[in-house]
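Notes to accompany the following structure.
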Amino acid sequence: MTSSTNEQPGEQSFLRSWAGFRTPSRRFLYRWAIADLAANILLVVTGGAVRVTDSGLGCPTWPQCTSGSLTPHAAMGIHGVIEFGNRMLTWVLVVVAIATFVAAMRYLPVDRLARRLALGIGLGVPLQAVVGGITVLTDLNPWIVSFHFLATMLIISFATWLVVHTDPRRANDVPSEAAPVITRITVVAAWAVYAVTWVTVYLGTVVTGSGPHAGDIDSKRNGLQPTQATQLHVDAVWTLVGISAGLIVVAVVARLAVRRATLVFGGLILLQGLLGYIQYATELPEWMVVLHMFGSALLMSGATYLLVTAIRSSRAATPVPA
């Protein structure tokens, strides 16, 4: 009996396989994890565009854009379009997060960590949208805006963890060949890098909250002196540089399995530091602020990559009890 449809055999096979979701491969799951990470980093960039264009209250209420309307009115101009576009990106994140979760749930053999990470990211997206709504309802309170940014950083950290975990090239981690004490020191240093990265990113939001880019011309600032807030941020950056440099030297000299991750992170911190100094010296031009926010997202991703790699390498080197 022939099919009455016009579908080609290849199309029928594609549909029967649920576009890859029926029996997802490791690589299929890995690619969705990358998409999840990329979408959340994109949210940081569009959020930065909202801030520097003073479009944070382009939609003055939430969850609607204006009272009685989900979309902006023409009278709201470009600010309404920019803010509404940023809100619509949330739905892209929802679709990608659901797809990643479905792939993780259907992947065999069962990978509980991938499932938990995909679920955490999926739940984090709508919760992040709620936090974004609160920032609007509080007229862009700088401390709430700061929390909004940090929540996105947490999702990016989880998404990076999922990418590293599902990478098919890392199915069998290379154990550290260094002495156990060196391995333990490496893991502790990686945790220190991760923790100081969080401190650095947070202090960066404090600097932003004291500076000129409030997201709306009428929004209040946090009341701190920009020069003092910037100095605290710079101190944290140099602390991070020092810890990272020490870890890179140890990893390269001892030829640790984590040395590639340390070099990647070292490159990111140098790039982000350079962007920060250029941004400060040029009196915070809008495009540099957005680029610096993008760098913050990459830095958090790099710190997570370094930490997860160090932990996995350490565990691979741990002998299994008889």
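The values are calculated or read from the model by the stated rules, or taken from the named source; none is laboratory data. Because the structure is a prediction, the values reported are computed rather than measured. FYI the Cβ positions are ideal-geometry reconstructions off the backbone, even for glycines, and counts take in every protein chain you see.
The residues listed here are R112, R184; of these, the one that is more than 26 Å from L42 (Cα to Cα), free of Cβ contacts under 8 Å to residues at least 40 places away in the same chain and either of a type in the set (G, A, S) or out of contact with any His (no Cβ under 8 Å at 6 or more places or on another chain) (or both) is R112.
The set of residues in the stretch 233-270 being surrounded by 14 or more Cβ atoms within 10 Å (Cβ to Cβ), outside any helix (DSSP H, G or I) and of a type outside the set (V, I, T) consists of A254, L256, A257. Within the stretch 264-278, residues that are in contact (Cβ under 8 Å) with a residue 24 or more places away in the chain and farther than 12 Å from G295 by Cα have Cβ atoms under 7 Å from residues that are crowded, with 18+ Cβ neighbours inside 10 Å and of a type outside the set (G, A, S) in these pairs: V264/Y305, counting only partners at least 6 apart in sequence or on another chain.
Quick one: would you say A159 is crowded, with 16+ Cβ neighbours inside 10 Å, in contact with an Asp or Glu (Cβ under 8 Å, 6 or more places away or on another chain) and either among the polar types (S, T, N, Q) or at pLDDT 95 or above (or both)? Spelling it out, A159 is indeed crowded, with 16+ Cβ neighbours inside 10 Å, in contact with an Asp or Glu (Cβ under 8 Å, 6 or more places away or on another chain) and either among the polar types (S, T, N, Q) or at pLDDT 95 or above (or both). Against the test of being surrounded by fewer than 22 Cβ atoms within 10 Å (Cβ to Cβ) and either modelled with pLDDT of 90 or more or of a type in the set (D, E, K, R) (or both), the options G223, G204, G273, G302 yield a single qualifying residue, G273. Of the residues that make up the stretch 82-103, is at least one modelled with pLDDT under 90 and of a type in the set (A, V, I, L, M, F, W, C)? Taking every residue of the stretch 82-103 in turn, none turns out to be modelled with pLDDT under 90 and of a type in the set (A, V, I, L, M, F, W, C).
Rundown of residues vs (1) farther than 18 Å from S157 by Cβ; (2) of a type in the set (S, T, N, Q); (3) touching a Gly at 6+ places or on another chain (Cβ under 7 Å), yes/no style:
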{"residue": "F28", "(1), (2), (3)": "yes, no, yes"}
{"residue": "L57", "(1), (2), (3)": "yes, no, no"}
{"residue": "P63", "(1), (2), (3)": "yes, no, yes"}
{"residue": "S67", "(1), (2), (3)": "yes, yes, no"}
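Those residues that are buried (at least 19 other Cβ atoms within 10 Å of the Cβ) and either in contact with a Lys or Arg (Cβ under 9 Å, 6 or more places away or on another chain) or modelled with pLDDT of 95 or more (or both), I need them from the stretch 181-193; list them, please. Hits for the stretch 181-193 are A189, A190, V193.
In this structure, does L117 turn out to be modelled with pLDDT of 95 or more, of a type in the set (A, V, I, L, M, F, W, C), in contact with a His (Cβ under 8 Å, 6 or more places away or on another chain) and over 18 Å from N40 (Cα atoms)? Considered against the rule, which asks whether it is modelled with pLDDT of 95 or more, of a type in the set (A, V, I, L, M, F, W, C), in contact with a His (Cβ under 8 Å, 6 or more places away or on another chain) and over 18 Å from N40 (Cα atoms), L117 comes out as no. Restricting the stretch 65-106 to residues that are over 26 Å from the mean Cα position of the chain (by Cα) and among the polar types (S, T, N, Q) leaves a set whose member that is surrounded by the fewest Cβ atoms within 10 Å (Cβ to Cβ) is S67.
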